[in-house]
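The values are calculated or read from the model by the stated rules, or taken from the named source; none is laboratory data. Everything numeric here is computed off the predicted structure, so don't read it as measured data. Cβ placement follows ideal geometry from the backbone for every residue including glycine, while neighbour counts extend to all protein chains displayed. With ligands, DNA and RNA removed, areas are computed over all heavy atoms of the protein, side chains included. Shrake-Rupley method; radii C 1.70, N 1.55, O 1.52, S 1.80 Å.
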Amino acid sequence: MKRFSIILFVFIAAPWFCFPQETNTTTSVFILAGQSNMEGAADAVDLTKVDLEDLKRAQKNILLAYNGGRPKPLNITIPPDWKKKKYKLDSCFGPEIFFGIELSKKYPNQKFLFIKRTQGGTSLYGCWNPDWTKEKAKYVGELDKPKLFYELLDYSDDILSKYEKNSYKIEGMLWVQGESDSGKKWGPLPSETYYDNLKLLINRVRDHYNYQNMPFMILQVGGGKVVQAMKKVSTEINSVSFIAQSKDSNSYNFLPRYGKDRDKYNAHYNYFGMKKIGVLFSEEFINKYSRK
């Protein structure tokens, strides 16, 4: 069967989003960070006609700044050649697409800015560690990879520097990371220290944005002590959410991954799984944190 990738480029000068029936010139900003499942490998060819229509509407009031790029209307991603070959796709998307679609449905007049920094195969012990050291990075084989925690803050600061100080509000952070720290390759240290490192990351991010109750939403990924740490942090720190996923295919929180024709990549979520991740993040924010 011949495959077609649908790529939308819609640049529309639209009024910035506000809560229903009001005019709000303040841009709502979300920070998105993590490894490959935040990056996203869901095949964009599977987006339905309705999805694409919803995305087109969302593009009117949502900008995405992604991995060093400048803000552009929310859109799917054209991956590098190696990723196209590895995952057998020409275009893909991450949690931001359906997170944005659902927010735009709830608040059709509000303007949003998503700032996203990701890199696959990176750990909280190494690349994402707010207390990064050469020793830690070397321990998990990440000495040649970027200091992602610092890059995230520098990138967001650079993007936000183009906005007037009172023209935006940081609304929250979405975190999809933990697989690298859960594995056995580097021994128990990354998973055993995940709790302390995650608390540190949350506190440092909140300090940086001077927002001590900034919503921080964690998707359950990885396993063992990493997931235990995520749950524990969510019960101990205010405004931290743990979004669980279920292995039961009949559960609302079941997140399908690739299988069969993409066996080797079943650590990554397909269209249905990635769509649900975006929806779960939006529901958590809308139901628990959004302004009424």
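Could you go through region 91-112 and let me know if any residue there is among the basic types (K, R), touching a strand residue (DSSP E or B) at 6+ places or on another chain (Cβ under 7 Å), buried (at least 24 other Cβ atoms within 10 Å of the Cβ) and outside any helix (DSSP H, G or I). Within region 91-112, none of the residues are among the basic types (K, R), touching a strand residue (DSSP E or B) at 6+ places or on another chain (Cβ under 7 Å), buried (at least 24 other Cβ atoms within 10 Å of the Cβ) and outside any helix (DSSP H, G or I). Each residue in region 188-221 was checked for being of a type in the set (G, A, S) and either closer than 19 Å to S290 by Cα or modelled with pLDDT under 95 (or both), and 0 of them qualify.
Kindly indicate whether any position in region 125-141 is touching a Gly at 6+ places or on another chain (Cβ under 6 Å), under 22 Å from K199 (Cβ atoms) and among the acidic types (D, E). Even if it seems obvious, please write down each step before you answer.
Residues of region 125-141 touching a Gly at 6+ places or on another chain (Cβ under 6 Å): 136-137, 140.
Those still in the list that are under 22 Å from K199 (Cβ atoms) too: 136-137, 140.
Of the ones still in play, those that are also among the acidic types (D, E) are none.
No; the residues of region 125-141 include none that is touching a Gly at 6+ places or on another chain (Cβ under 6 Å), under 22 Å from K199 (Cβ atoms) and among the acidic types (D, E).
Exactly one residue among P215, P190 is touching a strand residue (DSSP E or B) at 6+ places or on another chain (Cβ under 8 Å) and either open to solvent by less than 40 Å² (accessible area, probe 1.4 Å) or without any contact (Cβ under 8 Å) to a residue 12 or more places away in the chain (or both), and that residue is P215. Residues that are open to solvent by 30 Å² or more (accessible area, probe 1.4 Å) and in a helix (DSSP H, G or I) within region 144-166 comprise Y150, E151, D154, D157, D158, K165, N166, listed in sequence order. Taking the conditions exactly as written (open to solvent by 10 Å² or more (accessible area, probe 1.4 Å) and among the β-branched types (V, I, T)), does T133 satisfy them or not? Yes. Inside region 50-70, can you point out the residues that are part of a loop (DSSP other than H, G, I, E, B) and either open to solvent by less than 20 Å² (accessible area, probe 1.4 Å) or within 17 Å of K111 (Cβ to Cβ) (or both)? Q59, K60, N61, R70, listed by residue number. Between G183, G172, G178, the distinction of being open to solvent by less than 50 Å² (accessible area, probe 1.4 Å) and at pLDDT below 95 belongs to G183 only.
Name every residue in region 113-130 that is in a loop (DSSP other than H, G, I, E, B) and open to solvent by 10 Å² or more (accessible area, probe 1.4 Å), in order of residue number.
Our first condition is that a residue be in a loop (DSSP other than H, G, I, E, B); within region 113-130, this holds for 119-130.
Hits for region 113-130 are Q119, G120, G121, Y125.
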